[in-house]
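Every read-out reported here was derived from the displayed coordinates using simple, explicitly stated rules and does not represent laboratory data. Because the structure is a prediction, the values reported are computed rather than measured. Positions of Cβ are backbone-derived with ideal geometry, glycine not excepted, and every protein chain shown enters the neighbour counts.
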Amino acid sequence: MLPKLATPHGAWSSFEPVIFLQQASAVAESDIRKLIHDPVELLTRMVQPVLWLVVFGQVFARTRAIPTGGLPYLDFMAPGILAQSVLFGAIFYGISLIWERDLGVVHKFLVSPAPRTALVLGRAVSSAVRGFFQTVIVYIVALLLGVQLRLEGRAILGVITVVSLGAATFSTFSLIAACIVKSRERFMGIGQILTMPLFFASNAIYPLSMMPAWLRSLSSVNPLTYQVDALRYLMIRNGGIEFGLEVDFCVLLLAFALLVSIAAKLYPSIIR
């Protein structure tokens, strides 16, 4: 059942802030309800970060081959695995758009008075909610493994904000891919192609100083790099920061705004 979208009363009323937020929240609510009724996908997504921390992290912590600036490797790695978990969950989010297109749900949203930007933002918000649950799991596992987490309220609020922004950014990127390829089979292949370069061309599991110059250049335009940088500072005691929180947030916000504008233009093409 589709949520009721607010009906505008004039030519410009669909752009009024209150109505716009109501429309975006209606789309987000629809997706969140599906998550509540069928949380299996969310639970399976949580397995991957647990394996990375428990297996990969424990092994590489013993090698001492990766310079981490004085941090234990597990502490260094935990924010990167949280970012990876959010990335992997968000990048395949677009397949739900293809499923809904096949079921006729997307058509009903598109004929509603809601602007396309509200439809895209609603989906981004629901992806951010998924990111929150992934954050809880990574925090629990990290605590059990002895990672020195910052548990102050402001730090945790900062982590949730960064995770939400990262999830929204990559899920919007996923929607763009879904609008372009329009096929579930092709989308799965594209998703696999996108996730590995984004993950390995970032500072998630090794510092930027270890990268060759060409890979450092790629990482400098990779939003995941800035998400990990902010998370490492906010999440870990003495975590340090490479670019500064202001730069990290600005890059993520700019990337999100750019992707939303592109997705809003491409969104109707999914039904063609």
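Each part gets one Cα centre, and for segment 223-272 versus segment 89-120 those centres are 22 Å apart. Along segment 134-142 the Karplus relation, 6.51 cos²θ - 1.76 cosθ + 1.60 evaluated at θ = phi - 60°, assigns HN-Hα couplings of 5, 4, 4, 5, 5, 4, 4, 5, 4 Hz to successive residues, with x for each Gly and Pro.
Relative contact order (percent) for segment 141-241, with alpha-carbon contacts under 8 angstrom and 6 or more residues of separation? Walk me through the intermediate numbers first.
Values: 65 pairs, mean separation 40.7, N = 101.
Relative contact order for segment 141-241 comes out at 40 percent.
Report the normalised scattering of segment 15-271 as log10 I(q)/I(0) at q = 0.13 Å⁻¹, calculated by the Debye formula with identical scatterers on the alpha carbons. Reported log10 I(q)/I(0), two decimals: -0.81.
Could you give the size of the charge dipole of segment 163-257 about its Cα centre, using +1 on the Cβ of each K and R and -1 on the Cβ of each D and E, expressed in debye and rounded to the nearest 20? Intermediate values should be presented prior to the final figure.
Values: 6 positive and 5 negative charges, 59 e Å.
It works out to roughly 280 debye.
Under the simplified labelling scheme, the Ile262-Ser217 pair shows an inter-label distance of 2.0 nm, with each label point 7 Å from Cα along Cα→Cβ. In percent, rounded to a whole number, the relative contact order of the chain is 26, using alpha-carbon pairs under 8 Å and six or more apart.
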